[in-house]
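Input: a single structure, listed below in structure tokens.
The values are calculated or read from the model by the stated rules, or taken from the named source; none is laboratory data. Computed from a prediction, not measured in an experiment: that's the story for all the values here. Reconstructed Cβ throughout: ideal geometry from the backbone, glycine too, with neighbour counts over all protein chains shown. Calculation scope for accessible area: heavy atoms of the full protein, side chains included, ligands and nucleic acids excluded. Shrake-Rupley method; radii C 1.70, N 1.55, O 1.52, S 1.80 Å.
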Amino acid sequence: MTAPTRESGGVSPGAKWAIGGAIAGGSVAGLLGAGSSALAVYFARRVITPARQRVADKEVLAVIRDGQQQQVILAANDDTTVDGVYGFFFDGGKGHARIGRIVSYSPAERTVLREVEAVYSGDLATARWGWWSGATYPDPAAVGIPAEDVQIPVERGEAPAWLVRANGTARTWAIMVHGRGATRQEALRAVGPALELGLTSLLVSYRNDGLAPSADDGRYGLGSTEWQDIEAGIGYALANGAEEVVLFGWSMGGAICLQTADLSRYRHLIRAMVLDAPVIDWVTVLAHHAQLNRIPSLVGRYGQLMLGHPLGRRLTGLSAPVDLKVMDWVSRAVELRTPTLIIHSVDDEYVPYGPSALLAERNPEMVTFETFNHARHTKEWNVDPERWERLVKAWLRQQLAPRLNPGSSLNPGSGLNPESGPGPESSDSRPGADAPARSTQPGA
């Protein structure tokens, strides 16, 4: 879907008058009809409103115990029939189990038998419904990694984070940013590789994720506001010994990282980004979800206009419009000046991988793109953790390798050994690294 043409005010003149008439006049019969308008409002609000509770849509049919070992029979669906290791939450999220490999699958009976690797909380034997997740561990202790609970000062209070220290003094920290509707548990999968690279990790929370303080409007900014909490995390890292950071982001967390690298006053200290199934272009994602939910494309576009126009606040509840255009990194590809690794499954059902591929195609100097197969959204690690970790470590070793002095006859990055570890780093030499941060005011 093509993004609407915008003027300096945010949308085209025709669209502006259409929205103004629809909202102020209370009638959209000439535009979409009352039913379509209500559907557009519902669609827009659903995108930006945090869910109070995850939908328990995975059915537990039976739990089989053999001594200390357990297996679970689940109703077969697109999630439960993909091999790998996953988290399963039940009892309203109070229960958490780690589900392993597929033992058997019966398409005729529509059931799948899987190993239960661990039950961290709750009684799986009494569970009847739950939800599937890429978050396989509840906390760092479950991974066997010591961590500290720290608080990061943010706009409306303090946001809890897990701090996992590397051995020795780490000059480079990894700031890990979970996705929409997830928590910092999602990032635990990356802590091991970060530690192997000598990185201290900070697994942050941010506004509206249920842990950090909520935004004043209680709405997601889709990255346009959340990046400020990540900037606060970078500030915390710098105040505690870091000299530069690597950003890790999953799904909407990827969009947040991109905004941070674009707008933060610390952007020149962001050495690299590792993005897993990131939202590169919200217009494409929203169009995809409109299609999945059988919402007419015109209704979906109208919902997008509501998000981006000041008058739409009366219907969406946003305190400020969300500019989808400024978060379109396919169109802004050449502006991305932070080395970025993107990992994205071609079978991602939630965030299509196309924009990730286009960004890499349009900016091959800065973007390395690696595809996975079969993995559902943000579950690339779950399907093949060895490959995921190998890719991340090899790529980051090159990014974190000592930089050559200016005037060296060798090209930066030439002759790097993927198995070599990071060494002392020099100051950032990226184009524009010392430029002032771009203003977030309209028209800047």
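Within the range 416-433, identify whether any single residue is at pLDDT 50 or above and more than 18 Å from the chain's Cα centre (by Cα), and answer yes or no.
The answer is no, given that none of the residues of the range 416-433 is at pLDDT 50 or above and more than 18 Å from the chain's Cα centre (by Cα).
Across the range 153-176, what is the total count of residues that are farther than 22 Å from residue 210 by Cβ and surrounded by 21 or more Cβ atoms within 10 Å (Cβ to Cβ)?
The first filter runs over the range 153-176 and keeps only residues farther than 22 Å from residue 210 by Cβ, leaving 165-174.
Right, trim to surrounded by 21 or more Cβ atoms within 10 Å (Cβ to Cβ) and you get 170, 172-174.
Residues in the range 153-176 being farther than 22 Å from residue 210 by Cβ and surrounded by 21 or more Cβ atoms within 10 Å (Cβ to Cβ): 4 in total.
Given the condition open to solvent by 30 Å² or more (accessible area, probe 1.4 Å), in a helix (DSSP H, G or I) and more than 23 Å from residue 355 (Cα to Cα), answer yes or no: does some residue in the range 241-251 qualify?
No: the range 241-251 contains no residue that is open to solvent by 30 Å² or more (accessible area, probe 1.4 Å), in a helix (DSSP H, G or I) and more than 23 Å from residue 355 (Cα to Cα).
Which of the residues spanning the range 324-351 are open to solvent by 40 Å² or more (accessible area, probe 1.4 Å) and assigned to a loop (DSSP other than H, G, I, E, B)?
Passing the criteria: 331, 337, 346, 347, 349, 350.
How many residues, within the range 37-56, are in contact with a strand residue (DSSP E or B) (Cβ under 8 Å, 6 or more places away or on another chain) and open to solvent by 50 Å² or more (accessible area, probe 1.4 Å)?
2
Kindly provide the set of residues from the range 352-393 that are open to solvent by less than 30 Å² (accessible area, probe 1.4 Å), part of a helix (DSSP H, G or I) and farther than 30 Å from residue 290 by Cα, ordered by number.
388, 392
Please determine, by comparing only the residues of the range 272-287 that are touching an Asp or Glu at 6+ places or on another chain (Cβ under 9 Å) and part of a helix (DSSP H, G or I), which one is surrounded by the fewest Cβ atoms within 10 Å (Cβ to Cβ).
This residue is 284.
Does at least one position in the range 403-412 carry a residue that is among the polar types (S, T, N, Q), open to solvent by 20 Å² or more (accessible area, probe 1.4 Å), modelled with pLDDT of 95 or more and more than 18 Å from the chain's Cα centre (by Cα)?
No, every residue in the range 403-412 fails to be among the polar types (S, T, N, Q), open to solvent by 20 Å² or more (accessible area, probe 1.4 Å), modelled with pLDDT of 95 or more and more than 18 Å from the chain's Cα centre (by Cα).
Among what's in the range 105-131 and is β-branched (Val, Ile, Thr) and surrounded by 15 or more Cβ atoms within 10 Å (Cβ to Cβ), pick the residue that is farthest from residue 85 (Cα to Cα).
111
Would you check if residue 158 is acidic (Asp, Glu) and either touching a helix residue (DSSP H, G or I) at 6+ places or on another chain (Cβ under 9 Å) or part of a loop (DSSP other than H, G, I, E, B) (or both)?
No, not satisfied.
Can you find even one residue in the range 189-204 that is open to solvent by 40 Å² or more (accessible area, probe 1.4 Å), of a type outside the set (D, E, K, R), within 22 Å of residue 144 (Cβ to Cβ) and not in a loop (DSSP other than H, G, I, E, B)?
Yes, there is a match, as at least one residue in the range 189-204 is open to solvent by 40 Å² or more (accessible area, probe 1.4 Å), of a type outside the set (D, E, K, R), within 22 Å of residue 144 (Cβ to Cβ) and not in a loop (DSSP other than H, G, I, E, B).
Which residue pairs have Cβ atoms closer than 9 Å, lie 6 or more positions apart in sequence or on different chains, and pair a first residue in the range 97-124 that is under 14 Å from residue 62 (Cα atoms) with a second residue that is of a type in the set (Lys, Arg) and exposed (fewer than 15 other Cβ atoms within 10 Å of the Cβ)?
Matching pairs, first to second residue: 114/101; 115/101.
Just to check your reading of the model, which residue among 260, 225 is β-branched (Val, Ile, Thr) and in a helix (DSSP H, G or I)?
260 is the lone residue from the list that is β-branched (Val, Ile, Thr) and in a helix (DSSP H, G or I).
Please specify each residue of the range 307-334 satisfying the condition of being modelled with pLDDT of 90 or more and closer than 12 Å to residue 43 by Cβ.
Selection gives 307, 316.
Identify the residue in the range 82-104 that is outside any strand (DSSP E or B) and open to solvent by less than 50 Å² (accessible area, probe 1.4 Å) and, among all such residues, is farthest from residue 372 (Cα to Cα).
Filtering first and then ranking leaves 93.
Give 180, 184 a once-over and let me know the one that is within 25 Å of residue 87 (Cα to Cα), touching a helix residue (DSSP H, G or I) at 6+ places or on another chain (Cβ under 6 Å), at pLDDT 95 or above and among the basic types (Lys, Arg). Show your work before the answer.
Details: 184 fails: touching a helix residue (DSSP H, G or I) at 6+ places or on another chain (Cβ under 6 Å).
Being within 25 Å of residue 87 (Cα to Cα), touching a helix residue (DSSP H, G or I) at 6+ places or on another chain (Cβ under 6 Å), at pLDDT 95 or above and among the basic types (Lys, Arg) holds for just one of 180, 184, which is 180.
Cβ-Cβ below 7 Å, separation at least six or inter-chain, first residue in the range 234-263 and farther than 15 Å from residue 199 by Cβ, second open to solvent by 20 Å² or more (accessible area, probe 1.4 Å) and of a type in the set (S, T, N, Q): which pairs?
Once the first residue is farther than 15 Å from residue 199 by Cβ and sits in the range 234-263, its partners that are open to solvent by 20 Å² or more (accessible area, probe 1.4 Å) and of a type in the set (S, T, N, Q) give 259/224; 263/440.
If residue 317 satisfies all but one of (1) at positive phi; (2) out of contact with any Lys or Arg (no Cβ under 8 Å at 6 or more places or on another chain), what's the number of the condition it fails?
(2)
Can you tell me how many residues in the range 61-81 are more than 13 Å from residue 130 (Cα to Cα), modelled with pLDDT of 95 or more and in a loop (DSSP other than H, G, I, E, B)?
Qualifying residue count, the range 61-81: 4.
Filter the range 23-50 for residues that are more than 18 Å from residue 307 (Cα to Cα) and assigned to a loop (DSSP other than H, G, I, E, B); which is modelled with the highest pLDDT?
Selected residue: 33.
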